[in-house]
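The values are calculated or read from the model by the stated rules, or taken from the named source; none is laboratory data. Here the structure is a predicted model, which means the values were calculated and not measured. With ideal geometry, Cβ positions are generated from the backbone for all residues, glycine too; neighbour counts draw on all protein chains shown. The accessibility values were calculated without ligands, DNA or RNA, using every heavy atom of the protein model including side chains. Shrake-Rupley method; radii C 1.70, N 1.55, O 1.52, S 1.80 Å.
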Amino acid sequence: MKIFDGLHAFIWRAYAQNNCNTYLIDGELNILVDPGHLHLFDNVHKNLNAIGISPDRIDLVIATHGHPDHLEAVQALGKSTMFAMSAEEYRFISEFAGKYFKIPEPYFFLQEGNLVIGEERFEVVATPGHSPGSICLYWPLKKALFTGDLIFSQSIGRTDLPGGNGGMLKESIKRVSEMDVQYLLSGHGEIVAGKKEVKMNFEKIKNYWFDYL
Ligand SMILES: [Zn+2]
């Protein structure tokens, strides 16, 4: 599904299986955000084929965090594809889950602040809470925020998994709620599009979920 020029969303709708939404930023370079589970990568592959991009043309994969339903399929991409995640998350997930699935070796680490890829400028925002090194990726030109499992349409990320922290999740949500966002591109569920809709989504979440964090 094309969201706007330069962004496709592969929304995961098979709710019987836990997998994440994958996003393709196709500009001068092709960037894939959160490729998902390895055994479900066929879905991404098909979606890429449908828009005429083969997986070996992906230049960079960015993982919002280290859970296998976001990260595992990095290994399905070729050696020419770079991979990036936060250093804190890499350390955490290697220690916690390294024996359960293959943690890909980052080509570089994501750090809070500017991230320039080709002609595009992004901002990496450290948003711990769902996991210690979770990040959101902000695309200022498009006012688009890739949230991973921090926040969804009408819901929030789990904090009961190892390394989760409700207080931190709350602070992270507060932080991104102050950003200028037109597209909330979450790791699961439907996209929230429109400034007003995004604002309302943050309000609902603050009103409903913040008492439980
Ligand atoms: Zn997760």
*Taking the stretch 126-153 as the search range and keeping residues that are in a loop (DSSP other than H, G, I, E, B) and over 18 Å from A84 (Cα atoms), which one is nearest to the ligand (Cβ to nearest atom)?*
H130
_Residues located in the stretch 53-90, provided they are under 20 Å from S186 (Cβ atoms) and open to solvent by 40 Å² or more (accessible area, probe 1.4 Å)_ = P68
_Residue in the stretch 91-103 that is nearest to Y23 (Cα to Cα), counting only those that are open to solvent by less than 60 Å² (accessible area, probe 1.4 Å) and modelled with pLDDT of 95 or more_ = I103
*If you go through the stretch 43-57 one residue at a time, do you hit one that is hydroxyl-bearing (S, T, Y) and at pLDDT 95 or above?*
no
*asked:* Looking at I51 and the list (1) among the β-branched types (V, I, T); (2) away from the ligand (no atom under 16 Å from the Cβ); (3) under 26 Å from A97 (Cβ atoms), which single condition is not satisfied?
replied: (3)
_Here's a check for you: in the stretch 13-23, which residue that is surrounded by fewer than 21 Cβ atoms within 10 Å (Cβ to Cβ) and either among the polar types (S, T, N, Q) or within 14 Å of the chain's Cα centre (by Cα) (or both) is farthest from the ligand (Cβ to nearest atom)?_
Q17
*In this structure, is N201 under 20 Å from L137 (Cβ atoms) and free of Cβ contacts under 8 Å to residues at least 60 places away in the same chain?*
yes
